[in-house]
Amino acid sequence: MKRLLVLLSAFALVGCLDVSGPGPSDPANETFDSSLGINLKDPSWHVTPTGTYYKDEIVGTGAALNLPNSDDSIYVDYTGWTKDGKLFDTAVNAQLPAYRVILGFLDGMVNMNVGGQRLIVMPSNLGYGNTVQPGIPANSTLIFRIKLNRFTS
């Protein structure tokens with residue numbers, strides 16, 4: 001039940017975003033700055049049913065993160081870029097409450113093992129949609145490199 005609440009909370013958050021204007025981005029049809037090293041046609045990339053792409057750079061050996069409960073926290077090192085290679089955020093061992101994380105971030109981390117590192121590419125509708133954020137234009141595809149340090153259940 002708690003897992004369902006996390007998912008519903010995430011969808012409620014997405015529902016509050018300004019979605020007027022152009023539709024969501026589509027990572028499969030975009031060009032990425034060469035510094036990011038992203039080629040979504042490479043077979044090492046996977047795509048979730050909701051359109052988040054992910055690639056394991058390091059497969060962890062710890063417990064796997066399933067869909068977290070609403071009161072769970074994830075502890076991660078992460079760096080975030082826009083598709084043109086501009087850095088917009090970075091953190092080390094950040095504690096993130098599962099119910100407050102953007103949907104594409106969690107979507108790309110499902111079944112990730114503790115100690116693992118993933119590159120995640122999410123369409124704008126799973127990020128901030130048509131809402132402008134500091135350093136992030138509206139309808140931006142977001143790229144994150146995430147290392148999962150641990151999570152609470």
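Some observations on this one:
- Hits in region 84-108 - residues which are among the charged types (D, E, K, R), within 17 Å of R118 (Cα to Cα) and not in a strand (DSSP E or B): D107
- Scanning region 100-153 for residues that are crowded, with 22+ Cβ neighbours inside 10 Å and without any contact (Cβ under 8 Å) to a residue 40 or more places away in the chain yields a single hit, G127.
- Count - residues of region 66-125 that are over 12 Å from L148 (Cβ atoms), aromatic (F, W, Y) and out of contact with any helix residue (DSSP H, G or I) (no Cβ under 8 Å at 6 or more places or on another chain): 1
- Counting residues in region 10-33 that are surrounded by 13 or more Cβ atoms within 10 Å (Cβ to Cβ), at pLDDT 95 or above, among the acidic types (D, E) and under 16 Å from L148 (Cα atoms) gives zero.
- Which numbered condition Y128 misses (of (1) under 12 Å from the mean Cα position of the chain (by Cα); (2) of a type outside the set (G, A, S); (3) outside any loop (DSSP other than H, G, I, E, B); (4) farther than 18 Å from G37 by Cβ): (3)
- Looking across region 22-64, just one residue is closer than 12 Å to L142 by Cβ, in contact with a helix residue (DSSP H, G or I) (Cβ under 8 Å, 6 or more places away or on another chain) and aromatic (F, W, Y), and that is Y53.
- Matching residues in region 55-83 - criterion: being exposed (fewer than 15 other Cβ atoms within 10 Å of the Cβ) and part of a loop (DSSP other than H, G, I, E, B): V59, T61, G62, A63, N66, D71
The values are calculated or read from the model by the stated rules, or taken from the named source; none is laboratory data. All values reported here derive from a predicted model rather than from experimental measurement. As a convention, Cβ positions derive from the backbone with ideal geometry for all residues, glycine included, and neighbour counts pool all protein chains shown.
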